[in-house]
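Novice: First the structure, which I've put down as structure tokens, then a few questions once you've had a look.
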Amino acid sequence: GAVVSQHPSWVICKSGTSVKIECRSLDFQATTMFWYRQFPKQSLMLMATSNEGSKATYEQGVEKDKFLINHASLTLSTLTVTSAHPEDSSFYICSVSFLGAQGTDTQYFGPGTRLTVL
Amino acid sequence: AQSVTQLGSHVSVSEGALVLLRCNYSSSVPPYLFWYVQYPNQGLQLLLKYTTGATLVKGINGFEAEFKKSETSFHLTKPSAHMSDAAEYFCAVSSGGYQKVTFGTGTKLQVIP
């Protein structure tokens, strides 16, 4: 079954509005979640690392004031795209890092959220 | 620093033929290597991973990959392609320990009936 869920799966909004995307870890507590963005026909690009109870770590070139990340609990991280513009239209995917029995970690990905800004 | 190079953005094979998707990596520390599959408008599904130990890794759906340190490669193979294998495949590398994953640019696999 699914390990990570995202809501909504798709959203259409008007330019200038804000959109919140939720990422939930269903099977285990996640101290670390990651947010990626994927433009059409391109690979995934890491936007930020979300740490429970502390500020997110953003990758170079990602505006932290535009992409607000809140990791308020061990099972929920949210990404808010503020004042969205058409160039923010993309596929946003979160992932959860899980430390397995052998001490190795694997990232499990959510199903993604398709954002279209008109 | 780490990076991944996937050779061939598009690969076409006939149904029943061998699938070979190439991946080379660069990492300053012992790498964790992954292959993910993505179907249209969906998230990524883990096919297989290499962390330590056996260099030949078997994954789901009949896929396997071999870690070759001397060649810095982690090519993905499947002996016989099925129509349902048509998707985009991403090779990825990380240094483990909750560190970020760096993805390759992806290879779109087409399976011809």
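Novice: Hey, any hits in the range B:74-92 for a residue that's closer than 17 Å to B:Thr107 by Cβ, β-branched (Val, Ile, Thr) and open to solvent by less than 60 Å² (accessible area, probe 1.4 Å)?
Specialist: Looking through the range B:74-92, at least one residue is closer than 17 Å to B:Thr107 by Cβ, β-branched (Val, Ile, Thr) and open to solvent by less than 60 Å² (accessible area, probe 1.4 Å).
Novice: Considering only residues that are open to solvent by less than 60 Å² (accessible area, probe 1.4 Å) and in contact with a Gly (Cβ under 9 Å, 6 or more places away or on another chain), which ones fall in the range B:45-65?
Specialist: B:Leu46, B:Leu47, B:Leu48, B:Thr51, B:Ala65
Novice: Could you list, in sequence order, the residues of the range B:62-103 that are hydroxyl-bearing (Ser, Thr, Tyr) and more than 12 Å from chain A (Cβ to nearest Cβ)?
Specialist: If the condition is that a residue be hydroxyl-bearing (Ser, Thr, Tyr) and more than 12 Å from chain A (Cβ to nearest Cβ), then B:Ser70, B:Thr72, B:Ser73, B:Thr77, B:Ser80, B:Ser84 are the ones that fit.
Novice: Let me spell it out: the conditions are (1) assigned to a loop (DSSP other than H, G, I, E, B); (2) more than 13 Å from chain B (Cβ to nearest Cβ); (3) open to solvent by 30 Å² or more (accessible area, probe 1.4 Å), and A:Gln60 meets all of them except one. Which number is the exception?
Specialist: Of (1) assigned to a loop (DSSP other than H, G, I, E, B); (2) more than 13 Å from chain B (Cβ to nearest Cβ); (3) open to solvent by 30 Å² or more (accessible area, probe 1.4 Å), only one is false for A:Gln60: (2).
Novice: From the set of residues in the range B:68-102 that are of a type in the set (A, V, I, L, M, F, W, C) and more than 11 Å from the chain's Cα centre (by Cα), which is farthest from B:Glu15 (Cα to Cα)?
Specialist: Taking the candidates together, the pick is B:Val101.
Novice: Here is a further query. Do the conditions hold for A:Ser89, that is, is it closer than 22 Å to A:Ser18 by Cα, more than 8 Å from chain B (Cβ to nearest Cβ) and under 9 Å from the mean Cα position of the chain (by Cα)?
Specialist: Answer is no for this residue.
Novice: A:Ser83 fails exactly one of the following numbered conditions: (1) in contact with a strand residue (DSSP E or B) (Cβ under 8 Å, 6 or more places away or on another chain); (2) modelled with pLDDT of 85 or more. What is the number of that condition?
Specialist: So the condition that A:Ser83 fails would be (1).
Novice: So, in the range B:1-44, how many residues would count as being more than 13 Å from every other protein chain (Cβ to nearest Cβ) and either in a strand (DSSP E or B) or open to solvent by less than 70 Å² (accessible area, probe 1.4 Å) (or both)?
Specialist: Within the range B:1-44, residues that are more than 13 Å from every other protein chain (Cβ to nearest Cβ) and either in a strand (DSSP E or B) or open to solvent by less than 70 Å² (accessible area, probe 1.4 Å) (or both) number 17.
Novice: Consider A:Gln29 against the criteria (1) in contact (Cβ under 8 Å) with a residue 40 or more places away in the chain; (2) touching a strand residue (DSSP E or B) at 6+ places or on another chain (Cβ under 6 Å); (3) closer than 25 Å to B:Trp35 by Cα; (4) more than 9 Å from every other protein chain (Cβ to nearest Cβ): it satisfies all of them except one. Which criterion is unmet?
Specialist: (2)
Novice: Residues of the range A:50-62 being at pLDDT 90 or above and touching a Ser or Thr at 6+ places or on another chain (Cβ under 9 Å), which ones?
Specialist: Answer for the range A:50-62, where residues must be at pLDDT 90 or above and touching a Ser or Thr at 6+ places or on another chain (Cβ under 9 Å): A:Ala56, A:Thr57, A:Tyr58, A:Glu59.
Novice: Can you tell me which residue is farthest from A:Thr113 (Cα to Cα) among those in the range B:45-61 that are within 8 Å of another protein chain (Cβ to nearest Cβ) and under 12 Å from the mean Cα position of the chain (by Cα)?
Specialist: Here the residue is B:Lys49.
Novice: For the range B:93-107, which residues satisfy the criterion of being open to solvent by 70 Å² or more (accessible area, probe 1.4 Å) and either at positive phi or modelled with pLDDT of 95 or more (or both)?
Specialist: B:Tyr98
The values are calculated or read from the model by the stated rules, or taken from the named source; none is laboratory data. Computed from a predicted structure; not experimentally measured. When we count neighbours, we look across all protein chains shown, and the Cβ atoms used for this are built from the backbone with ideal geometry, even at glycine. Surface areas here come from the heavy atoms of the whole protein model, side chains and all, with no ligands, DNA or RNA. Shrake-Rupley method; radii C 1.70, N 1.55, O 1.52, S 1.80 Å.
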